[in-house]
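Asks: Next up is a structure, given as structure tokens.
We did not get these values from a lab; they are worked out from the coordinates using the rules stated. Not measured: the values here are computed from a predicted model. Positions of Cβ are generated from backbone atoms using ideal geometry, with glycine treated the same way; all protein chains shown enter the neighbour counts.
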Amino acid sequence: MPSWAIHNKWARRLGIDDRIADEINREIDSIGHPELHDYGRVIIDGTWVFYYLHEELSRYYNEVCGGYCEEFRKQCVGAFLLHHVLDYASTLLHSPSVMLNPSRARGLAIKLVNGVAEDYSKRRDSLGELAQIVLYWCGEIKRLIEEEWEELVSDVKPEASKHIEWAKNRLIKVSCLKCGKAFTTIDNEGLEFLALMQTPLSERFIKYCFKCRGMERIYTYLLMEKDHVMNTFKDSPRGSPFHRTYYCDDKLWSDNVGRWYALIYLLAGIEHTES
């Protein structure tokens, strides 16, 4: 789980006072009562069981925050929700099923926040102020995830940020051989890496822009190539370069697949902008 310093850093980004964030950290992490650690967060199959969230958040809001001013109550709720979302993002980024694909973790974190907002939208009439505050913070936390995901990943899981940094350095701008338009493709080191992963990039993606190569995107092509490779070698004892069994070293497997997905993550954003 992220350190309290990381929790406080992102709370500050949302305008939450450090003292409030500290108090919320202590409440949720249940200092002195480890059996209550992470109270309010029960997540099953990527879905927050809102009964537990609502029960604990309502209790805290009414019993602890009730006698304070509106701004204090508002910041307490924001810190409460943000702490849980950051812990969940950390769990995702360290989970074997998604840790090599940070963009999937981002999507699941946004889905979680959207679910909280949907649940509290239905409770507006009965919860009044608390529902309005929760909806406000869901919007702010979602914005944070959408706009500052790379930095968040670097805080929560530094090794993933190294993969993204490597991938950034593999992307270059070149001119289309047909129309002269500048477009993004992959440098020689990146091309050698893709060949190593048995997903070599066709020359049309290196020489021609999106329009001149027939409206094909690099990242969708690579995803299809990866699926093909994995299916081809799924019955092989060793598997493909995307399978853990292919390597004698878990770190090499993690680094190679992490770099591959980092390229996909960056290309997806860039190519949609360029096209």
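Asks: Cα convex hull of region 95-172: how many Å³ per residue? Walk me through the intermediate numbers first.
Replies: On the way: hull volume 7.7 nm³, N = 78.
Looking at region 95-172, the number lands at 99 Å³ per residue.
Asks: While we're looking at this one, here's another question. Counting helices only, and only those DSSP H runs with n ≥ 4, report the 222 nm mean residue ellipticity of the chain as the sum of -39,500 (n - 2.57) divided by its residues, in deg cm²/dmol to the nearest 500.
Replies: On the way: 12 runs with 178 residues, N = 275.
When only DSSP H runs of four or more count, the value is -21000 deg cm²/dmol.
Asks: Place a point 7 Å from the Cα of GLU129 along the Cα-to-Cβ direction; which residues of region 66-95 have their backbone N under 11 Å from it?
Replies: Only 66-74 fall inside the zone, counting backbone N under 11 Å.
Asks: Oh, and also: Taking one equal scatterer on every alpha-carbon of the chain, how large is log10 of I(q)/I(0) by Debye at q = 0.12, 0.16 1/Å?
Replies: Debye curve over Cα of the chain, log10 I(q)/I(0) at q = 0.12, 0.16 Å⁻¹: -0.82, -1.14.
Asks: Lys/Arg Cβ at +1, Asp/Glu Cβ at -1, dipole of the chain taken about the Cα centre: which of VAL153, VAL229, SER58 is farthest positive-ward?
Replies: Most positive-ward Cα: VAL229.
Asks: Would you mind calculating the gained length between ILE6 and ASN114 on full extension (0.36 nm times residue separation, minus the Cα-Cα distance), in nm to one decimal? Present the calculation step by step, with values, prior to reporting the outcome.
Replies: On the way: separation 108, 0.36 × 108 = 38.88 nm, distance 2.28 nm.
Gain in length upon complete extension: 36.6 nm.
Asks: List the residues whose amide H sits under 5 Å from the amide H of ILE172, counting only those 5 or more places along or on another chain, with H placed 1.01 Å from N in the peptide plane.
Replies: THR185, ILE186, ASP187
Asks: Roughly what % of Cα-Cα distances in region 171-275 sit above 24 Å, to the whole percent?
Replies: 27 percent
Asks: Simple spin-label model, 7 Å along Cα-to-Cβ: ASN188 to ARG13 in nm?
Replies: A separation of 3.7 nm, rounded to one decimal place.
Asks: Here's a follow-up. Compute the angle between helix 158-170 and the longest alpha-carbon principal axis of the chain, please, reported from 0 to 90 degrees and rounded to the nearest 10.
Replies: Taking the Cα atoms of the chain, the angle to 158-170 is about 40 degrees.
Asks: Same structure again: Alpha carbon centre of region 242-262 versus region 1-26: separation in Å?
Replies: For region 242-262 versus region 1-26, the Cα centre distance is 34 Å.
Asks: How would you classify region 137-214 from its alpha-carbon gyration tensor, with a ≥ b ≥ c the square roots of the eigenvalues: rounded for a/c under 1.5, else prolate if a/b is greater than b/c, otherwise oblate?
Replies: On the way: a/c = 3.12, a/b = 1.70, b/c = 1.83.
Oblate shape, in that a/c is at least 1.5 and b/c is the bigger or equal ratio.
Asks: Assuming 0.36 nm per residue, please report the length gained on full extension of the stretch SER175 to THR273 beyond their Cα-Cα distance. Don't skip to the end; give the middle numbers.
Replies: Details: separation 98, 0.36 × 98 = 35.28 nm, distance 1.65 nm.
Extending this stretch completely gives an extra 33.6 nm.
Asks: When ranked by the protection proxy of mean other Cβ atoms within 10 Å per residue, highest first, what sequence do the peptides 154-162, 119-127 form?
Replies: On the way: 154-162: 17.9, 119-127: 13.7.
So the peptides 154-162, 119-127, ranked by packing, come out 154-162, 119-127.
Asks: Assigning unit charges at the beta carbon (Lys, Arg +1; Asp, Glu -1) and nothing else, what dipole magnitude in debye, to the nearest 20, does the chain show about its Cα centre?
Replies: Working: 35 positive and 41 negative charges, 264 e Å.
It works out to roughly 1260 debye.
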